[in-house]
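Here the structure comes first, spelled out in structure tokens, and everything after it is commentary.
Quick note: the coordinates plus some simple rules give every number you see, no bench work behind them. Please read all numbers here as calculations on a predicted model, not as lab measurements. Here the Cβ positions follow ideal geometry from the backbone for every residue, glycine too, while neighbour counts run over all protein chains shown.
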Amino acid sequence: MKITGIVLAGGLGRRMGGADKGLIPFQGKPLVAHVLERLRPQADEILLNANRELNAYAAFGYRVIPDAIGGFAGPLAGLHAGMMAATHELVVTAPCDSPFLPRDLVARLSAALHTQNTDLAVAKTGDQPHPVFCLCRRALLPDLTRFLQNGGRKIDAWYAALDTVEVAFDDETEAFANINTLEELSCLK
């Protein structure tokens, strides 16, 4: 099945002093450029979820989708916006601040989703799930819409009631490093 990739770049960047995280330079290019390079070969379509700096994100050559739910409602709002705009029945998400995301993210999540016949597959390292790295069926959109309309904002709270499989990426733990502060950025190589 074809897959739509959604890069989540819709946050406020509070811990980055209000800077738009995806546009912060890392190793000579914006963080989001690293994510796009790794996700592009894994998906048939790429969407960028952003709520600020729309023109800067559009310059990467992909459709920019702002949240349909106001107030910077978090990653679930980005998934929601992406699901509404996606042209494929499966969508995968990745945050804009994880420049080392696995090059086999989609293959491994997809294999587990299909083998287990679930609605959603989530990456996990050790005991830690990484819910912003997920592959799910677009058919979940009505359920997600209800969850958001009822005030839900936590990804793991939403998918807790769904048929979900967690996929071990213990061999690639560093791939899930995300950058929330300038200090974390300076520590990455």
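Annotations for the structure displayed:
- Gain in span if fully extended, residue 153 to residue 56, counting 0.36 nm per residue against the direct Cα distance: 32.3 nm
- Charges were assigned to the Cβ only: +1 to each Lys and Arg, -1 to each Asp and Glu. The resulting dipole of the chain about its Cα centre is roughly 480 debye.
- Shape of the chain, Cα gyration tensor, a/c cut at 1.5: rounded
- Highest-MSF residue in the chain out of 76, 23, 162 [GNM, Cα springs under 10 Å]: 162
- Burial ordering of 134, 96, fewest other beta-carbon atoms within 10 Å first: 134, 96
- Over 25 Å between alpha carbons, listed pairs 29/154; 21/124; 2/124; 29/124: 29/154; 29/124
- By the beta-carbon count within 10 Å of each Cβ, the least crowded to most crowded order of 1, 83, fewest first, is 1, 83.
- Neighbour net charge for residue 132 - beta-carbon separation under 11 angstrom, K R +1, D E -1: -2
- DSSP bridge pairs, the range 3-187: antiparallel proportion in percent, nearest 5: 35
- Close amide-amide hydrogen proximity is noted between residue 125 and 130, 169, each under 5 Å apart and 5 or more residues distant or on a separate chain (H modeled in the peptide plane; Pro and chain starts excluded).
- For the range 3-187, averaging the sequence separation of C-alpha pairs within contact (under 8 Å, six or more residues apart) and dividing by the residue count gives a relative contact order of 25 percent.
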